[in-house]
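> After the structure tokens below, expect a handful of questions from me.
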Amino acid sequence: MSASNNGINTKQTTTVSTSLPTSTAKAATATAHSITKPKPNSASQPCSYSELHVQQRDRIYVITFNRPTVCNALTRRGYYELIRALNYATFDDAITTVVLTGADGCFTSGNDLTQLSQYTSPHAFFRSSNYVLRFLIKSFIFCPKVLVALVDGPCIGIGFVFAMLCDVVYCTERAYFETPFTRLGLCPEGCATYLLPQLLGRVKAAELLLFGTRLSAVEALRFNLVARIVPQSELERQLWPQLLAYARLPVESLRATKRVLAKMEREQLLHALKAECLELERLRKGETYQRAIQAFVARKDRMGSDVENKSKL
């Protein structure tokens, strides 16, 4: 299934490019000190994405996780691309709303656990992981545009976190949500320890975060985690006309309302992010996480590329 099967009509969209640096570790790290405003003519300059499909649909900026062969799992490069896409949307006055979705019937399975095998120094990768994660999460926290998550299929790990950082979440009947952090020898990341108790209540959030239990679309609606369940076959007919209409509400009102909504919880999110990163830094060095990664990579090698990241689903 293509991106259009998530309700995105590619015939009515225009590809948008930015002038920010390409998705290399060096370039993304250099821009990570602050959110940088793109040059005025950035829209006319070429810019490619390898893990995302980025489009503009009227006043909506659509970011699609686009690695369907691995259930849209993200590598470090994908993090850099997502930072760049959110940065572009932040400073483009023609955009009022950002929609995050996934290609091929999957939102995202989270982090690509096989990427460590591509690095000659995993410890160097781990040392920079928290730095990159903090900058990416802050790109969500400080984005002034309305953030909407459209979840179809699995929404796992950091993908679940991305959805929860959005202002509004819609899902299809086949969506489900899962946080397998403890199974990997890690703790929750990306402000999950603050967001989920706020959204679900302390007890239900603890069940998901401690035990990695799965939340169905119906349960997500019952716990007010999503605003609405939209049949996958009806996304284009039902949801997208409404999103396009919402995106044309007065810009000043949208931004002011978002500022007020975000102001009270921003400090708490930043505190949670800092505390989680401290724990993650310690846990990534532990034997449990190292064994989990090695077992995952070994299983993928035995069973072939078709199994990539599907053990988390």
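> Just need a number here: residues in region 170-194 that are closer than 19 Å to Ala85 by Cα and assigned to a strand (DSSP E or B).
Here the count works out to 0.
> Restricting to region 154-179, what's the tally of residues that are over 14 Å from the mean Cα position of the chain (by Cα) and either open to solvent by less than 10 Å² (accessible area, probe 1.4 Å) or of a type in the set (Val, Ile, Thr) (or both)?
Total satisfying the criteria: 3.
> Can you run down the residue pairs with Cβ atoms below 9 Å, 6 or more apart or on separate chains, where the first is in region 81-95 and without any contact (Cβ under 8 Å) to a residue 60 or more places away in the chain and closer than 16 Å to Asn66 by Cβ and the partner is of a type in the set (Gly, Ala, Ser) and open to solvent by 30 Å² or more (accessible area, probe 1.4 Å)?
Short answer, once both residue conditions are applied: Glu81/Ser50.
> Would a scan of region 74-95 turn up a residue that is over 20 Å from Phe177 (Cα atoms), of a type in the set (A, V, I, L, M, F, W, C) and at pLDDT below 95?
So far as region 74-95 goes, no, none of its residues is over 20 Å from Phe177 (Cα atoms), of a type in the set (A, V, I, L, M, F, W, C) and at pLDDT below 95.
> Looking at region 180-199, which of the residues that are open to solvent by 20 Å² or more (accessible area, probe 1.4 Å) and among the hydrophobic types (A, V, I, L, M, F, W, C) is nearest to Ile229 (Cα to Cα)?
Top of the filtered list is Leu199.
> Going through region 153-200 one residue at a time, which ones are free of Cβ contacts under 8 Å to residues at least 60 places away in the same chain and over 30 Å from Glu234 (Cβ atoms)?
If the condition is that a residue be free of Cβ contacts under 8 Å to residues at least 60 places away in the same chain and over 30 Å from Glu234 (Cβ atoms), then Phe181, Thr182, Pro197 are the ones that fit.
> If you don't mind, another one. Given Ala163, Ala149, which one is among the small types (Gly, Ala, Ser) and in a strand (DSSP E or B)?
Ala149
The values are calculated or read from the model by the stated rules, or taken from the named source; none is laboratory data. Values in this document were obtained by computation on a predicted structure and should not be read as measured data. Methodologically, a virtual Cβ is constructed for each residue, glycine included, from the backbone with ideal geometry; neighbour enumeration extends over all protein chains shown. The protein model used for the area step is the full one, side chains on, heavy atoms only, and it has no ligands, DNA or RNA in it. Shrake-Rupley method; radii C 1.70, N 1.55, O 1.52, S 1.80 Å.
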